[in-house]
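S.K.: This is the structure, below, for whatever I ask next.
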Number of protein chains: 2
Amino acid sequence: MNWRFVINQLGLLSLLLSAAMMVVGVAGWLFEWRSPDSVDTVALLALLGTIGGSVLVGGLLWLRTRGSVKHIGRREALLLVGVSWLIGAAVAGMPYLLWAHWHTAPGEQHPFLDPVNCYFEAMSGLTTTGATVLGDDYAIEALPQSLLLWRAFTQWLGGLGIVVLFVAVLPTLGVGGKRLFRVEAPGPAPEGLRPHIRETATTLWLIYLILTGVEVVALKIAGMTWFDSFCHTFTTVATAGFSPKDASLGHYASPAIHTIVIIFMVLAGVNFGLYYQLSRKRFRQVLQDTELRVYLGLLLVGTAIVTLSLINSPITLTKDLTVLEPSAASAIHHGLFTAVSIQTTTGFVTSDFNLWPFAAQAVLVLAMFIGGSAGSTAGGLKVIRIWVALKIMLAEIEHVFRPQVVRPVRLGNRVVDDELKLATVAYILGLVVLFIVGAVAVMLLEQWTGSNTCDFRTAAASSIACLFNIGPGLGHVGAIENYAWLTTGSKIVLTLMMALGRLEVFAIIVLVIPRFWRAD
Amino acid sequence: MNWRFVINQLGLLSLLLSAAMMVVGVAGWLFEWRSPDSVDTVALLALLGTIGGSVLVGGLLWLRTRGSVKHIGRREALLLVGVSWLIGAAVAGMPYLLWAHWHTAPGEQHPFLDPVNCYFEAMSGLTTTGATVLGDDYAIEALPQSLLLWRAFTQWLGGLGIVVLFVAVLPTLGVGGKRLFRVEAPGPAPEGLRPHIRETATTLWLIYLILTGVEVVALKIAGMTWFDSFCHTFTTVATAGFSPKDASLGHYASPAIHTIVIIFMVLAGVNFGLYYQLSRKRFRQVLQDTELRVYLGLLLVGTAIVTLSLINSPITLTKDLTVLEPSAASAIHHGLFTAVSIQTTTGFVTSDFNLWPFAAQAVLVLAMFIGGSAGSTAGGLKVIRIWVALKIMLAEIEHVFRPQVVRPVRLGNRVVDDELKLATVAYILGLVVLFIVGAVAVMLLEQWTGSNTCDFRTAAASSIACLFNIGPGLGHVGAIENYAWLTTGSKIVLTLMMALGRLEVFAIIVLVIPRFWRAD
């Protein structure tokens, strides 16, 4: 194990996060400065304090290990990925903690006074989950703008990190990602994505930047303030779901705003490898991509079912809990928005789907499991895995009564080999097991501490919503609720779930395997 | 497709069921005859009527196809297995229907007046599930003894059928069962089970008969009447769970009776292939069997957790809903009984575990999924599949960070090949999907018909309890509840679930695959 290099890179991570925080701090201050009484000096100090600390520690580590051999093997890569997210969340959550401690008077309460809440919120940010501990008496709107901007920006960073990691870095390293990637970029790609990490990463970064830029402008034109437009864009293109408003996107009545957000959620749930192909003018390959077709098909079907089941149902908006009379227009409006938001694992809400008919809820829960495309910022099991698993199961059934027929499982015009088949099905099964473990753990932890708020549905929903990086669930972690009321133990479990889901399990799980740490 | 032979065998099935019904009718009449006012002539007539009808139809079909070629291929075998259960349940449920129609006065109500209820009860019998539509105002005890005996005997027949099918018939035919069987009989078995179906089947039948005989006598000695002893034995050795008492085994206070039932439930959950090996004096092979060890280990761990979580918890008995004060003795007594009953998918109850602490309930739900051993009468996913899946997932995780190491998945000293690995994991995933489909279907059907009784937990529990052939679930299909209140649609779905679970999906699912019906 090349410890020096790993530490060197973690030092670099701290420095990069500090740089990002600096930019956000300045931007946040500029936003606040336009209406002078909204300038929150304590928040700026909290950001500065975190920057100082992590520059000091990260810089020292980086300097001390600067001369390390730049060899990185599978184990170093996995270690780096796993620890990066764990440490990144600690750095990203520090401003919340410092702000709360410096800001609140003695005796006052705030969720951010508890380090576990700050870590939860930061991990929810970096993993693009969107689950929050804010709300109720501690409104999101009450946070200073600089912190709200940082909160949104963590999601943007997390989304970028995930795309670059899964589309550019891991495949070239031949780690888990490579096998996944073979699924991610189906179709004849003799040269594959360019093998040069740096070049691919740069293209992806540009694509991400373009999406961001276009959405910011579109939202501003549709009537948002620049601040809200930036915050929502950061969390849309990362399919993440933090909003600077307590009512989330329901804060806005404008169908134009909702339409723009819907379009960008759909775009962000597409495999970024396809945008890379587009940038290389391989239109045919993009149009024929199996996962893209299935993804769009699922969105259509899901939206149709949700909308139909809402036709005769009143809709409770997240804004002031206004109740709309049943109408086709509002069924389409909120059905479409919610179906897209959940399937892409974004988690923006406009209405309280906790109160929707069961058919709509069932579709939403299935959509949570499926998620978006591989190689996108979306969570879930990923459309392509579900598709492959479906084909495998059909092939298995046929195999029972025609053992002599060996029908290969195809994806486009590529055959899925046995190893990948097993990996896919085992992965899905593994995540189902993790979901169950999470739900049981939360239920037990809540009961043992005597809380009666957590029912069966809430526990299951919180586990899904965090493992698959969605954010809002059902029951007491539903659209108009938050995670603050959970006990510390549950929050730690759910934080771990977010990291496990985001890094596709392996990167985190290998950290606890003894054999991983043994010298080769 | 050799249609003539298939029809010939189905005719034979009707004749065999009629013969069984005849024996049960006579035995039931003898039991009733001892206390003259309990003789229910209508019930005997209902049995006779069914016998007459099925002898007529079955006999005609059998005679007309007697000269058919005795060739049976994979497709014929699968067709036969699937249709046998579907038709068998229709024949087995007919006495309930006839009895209810001839017995009840106009205006009177009874669950058995509805053919769907009768089919549900009969399928629940033949698949050894144990879910019932009786209870509340229509007590099980109110049924005539001849019908109660028939009800128990359907489970005994179903259990025998499954054991013979999966251990003796399918493996020699090279159908799905063969691949399963490779898992079922691990260890060095150069000659395997004797390849002669008839001989193996005879041995299994003898083993089954011995288990039955010993338990009948044991229960009688422990204080049951002969009638109750027969009824409970039939449903214990089939790990099925019908009881002639509304309070199930909770009707008896005797720890001796409970202990005997526990022992025979454990024995019935063991792979019957191992008893075959015992009969051939291969003790070493039995002792070293992986599945047996894991099965017993799981029972121990499950019981321990359930018992521990019950220590401080009052226990509500199914008999008169008496509440016991928390005590170690009753925690062990009812914890052990329930853990064994659920893990072996028997479904006898002594106390209402709906009211137990969540930790105990979580263990019970996990046990429902796992189930007993392959090649036993128990349902669930089967211990061996869970074990293999666990090993596969560990190997997959290792594979991520050490792709060069290929570590074979072993079972005893045999290596599980890639095809079987995929089949195992795909099967588990398929059943999880089926469970979800079942739960969603029940929830939707209940909501659309306006019933408010069915909550999330009840729907999920009914789907598990039927798919995995357990019987009682949680919520409104819990230990002291029944399935009568569900809508017709839900009952049809759940009946299908029982058949799918019992026949390990494939035999039933291939019936609806168009390619299956095409001439080769």
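The values are calculated or read from the model by the stated rules, or taken from the named source; none is laboratory data. Small disclaimer: the values here were computed from a predicted structure and weren't measured. All Cβ positions, glycine included, derive from the backbone under ideal geometry; neighbour counts span all protein chains shown.
S.K.: Condition first: of a type in the set (A, V, I, L, M), within 14 Å of another protein chain (Cβ to nearest Cβ) and over 12 Å from residue A:503 (Cβ atoms). Now tell me which residues in the stretch A:62-78 satisfy that.
M.R.: Across the stretch A:62-78, the qualifying residue is only A:72.
S.K.: Right, something else. The conditions are (1) under 14 Å from residue B:432 (Cβ atoms); (2) free of Cβ contacts under 8 Å to residues at least 12 places away in the same chain, and residue A:431 fails exactly one of them. Which is it?
M.R.: Here residue A:431 clears every test but (2).
S.K.: Hey, could you check the stretch A:202-214 for residues that are under 19 Å from the mean Cα position of the chain (by Cα) and touching a residue at least 24 places away in the same chain (Cβ under 8 Å) and say which is farthest from residue A:375 (Cα to Cα)?
M.R.: So the residue we want is A:212.
S.K.: Here's something else I'd like to know. So how many residues does the stretch A:347-391 have that are touching a strand residue (DSSP E or B) at 6+ places or on another chain (Cβ under 6 Å), more than 14 Å from chain B (Cβ to nearest Cβ) and under 21 Å from residue B:455 (Cα atoms)?
M.R.: Within the stretch A:347-391, residues that are touching a strand residue (DSSP E or B) at 6+ places or on another chain (Cβ under 6 Å), more than 14 Å from chain B (Cβ to nearest Cβ) and under 21 Å from residue B:455 (Cα atoms) number 1.
S.K.: Moving to a separate point now. For residue B:451, only one of the following conditions fails: (1) closer than 30 Å to residue A:305 by Cβ; (2) away from chain A (no Cβ under 12 Å); (3) polar (S, T, N, Q). What is its number?
M.R.: So the condition that residue B:451 fails would be (2).
S.K.: Residues to consider are A:335, A:273, A:297; find the one that is at pLDDT below 95 and within 23 Å of the chain's Cα centre (by Cα).
M.R.: Among A:335, A:273, A:297, only A:273 is at pLDDT below 95 and within 23 Å of the chain's Cα centre (by Cα).
S.K.: Of all residues in the stretch B:277-320, how many are buried (at least 23 other Cβ atoms within 10 Å of the Cβ) and out of contact with any Gly (no Cβ under 8 Å at 6 or more places or on another chain)?
M.R.: Counting residues in the stretch B:277-320 that are buried (at least 23 other Cβ atoms within 10 Å of the Cβ) and out of contact with any Gly (no Cβ under 8 Å at 6 or more places or on another chain) gives 3.
S.K.: Right, something else. So residue A:1 clears everything in (1) more than 15 Å from residue A:143 (Cα to Cα); (2) surrounded by 17 or more Cβ atoms within 10 Å (Cβ to Cβ) except one condition, right? Which one?
M.R.: (2)
S.K.: Is it fair to say residue B:77 is buried (at least 18 other Cβ atoms within 10 Å of the Cβ) and either in contact with a His (Cβ under 9 Å, 6 or more places away or on another chain) or modelled with pLDDT of 95 or more (or both)? Explain how you work it out, then say what you get.
M.R.: Details: buried (at least 18 other Cβ atoms within 10 Å of the Cβ): yes; either in contact with a His (Cβ under 9 Å, 6 or more places away or on another chain) or modelled with pLDDT of 95 or more (or both): no.
No; evaluated as a whole, the condition is false for this residue.
S.K.: Which residues, taken from the stretch A:75-113, are in a loop (DSSP other than H, G, I, E, B) and of a type in the set (A, V, I, L, M, F, W, C)?
M.R.: A:105
S.K.: Can you tell me which condition residue B:14 does not meet? The list is (1) over 29 Å from the mean Cα position of the chain (by Cα); (2) touching a residue at least 24 places away in the same chain (Cβ under 8 Å), and all the others hold.
M.R.: Looking at each condition in turn, residue B:14 falls short on (1).
S.K.: Going through B:35, B:68 one at a time, which residue ends up being free of Cβ contacts under 8 Å to residues at least 24 places away in the same chain and of a type in the set (Ser, Thr, Tyr)?
M.R.: Unique residue meeting the criteria: B:35.
S.K.: For the subset of the stretch A:399-420 comprising residues that are buried (at least 17 other Cβ atoms within 10 Å of the Cβ) and within 9 Å of another protein chain (Cβ to nearest Cβ), which member is nearest to residue B:74 (Cα to Cα)?
M.R.: Across the stretch A:399-420, the extreme among qualifying residues is A:401.
S.K.: For the condition surrounded by 24 or more Cβ atoms within 10 Å (Cβ to Cβ), touching a residue at least 60 places away in the same chain (Cβ under 8 Å) and in contact with a Pro (Cβ under 7 Å, 6 or more places away or on another chain), what is the one hit in A:371, A:379, A:347, A:375?
M.R.: Result: A:347 is the single residue among A:371, A:379, A:347, A:375 that is surrounded by 24 or more Cβ atoms within 10 Å (Cβ to Cβ), touching a residue at least 60 places away in the same chain (Cβ under 8 Å) and in contact with a Pro (Cβ under 7 Å, 6 or more places away or on another chain).
S.K.: While we're here: Which residue is farthest from residue B:7 (Cα to Cα), if the candidates are limited to the stretch B:48-74 and must be surrounded by fewer than 18 Cβ atoms within 10 Å (Cβ to Cβ) and of a type in the set (A, V, I, L, M)?
M.R.: B:48
S.K.: Next question, about the same structure. Answer yes if at least one residue in the stretch A:406-428 is modelled with pLDDT of 90 or more, among the aromatic types (Phe, Trp, Tyr) and either at positive phi or assigned to a helix (DSSP H, G or I) (or both), and no otherwise.
M.R.: Scanning the stretch A:406-428 turns up no residue that is modelled with pLDDT of 90 or more, among the aromatic types (Phe, Trp, Tyr) and either at positive phi or assigned to a helix (DSSP H, G or I) (or both).
S.K.: Within the stretch B:117-140, is even one residue over 25 Å from residue B:242 (Cα atoms) and touching a helix residue (DSSP H, G or I) at 6+ places or on another chain (Cβ under 9 Å)?
M.R.: No, the stretch B:117-140 contains no residue that is over 25 Å from residue B:242 (Cα atoms) and touching a helix residue (DSSP H, G or I) at 6+ places or on another chain (Cβ under 9 Å).
S.K.: Name the residue that is nearest to residue A:448 (Cα to Cα), counting only residues in the stretch B:301-344 that are in contact with a helix residue (DSSP H, G or I) (Cβ under 7 Å, 6 or more places away or on another chain) and among the hydroxyl-bearing types (Ser, Thr, Tyr).
M.R.: Ranking the candidates gives B:309 first.
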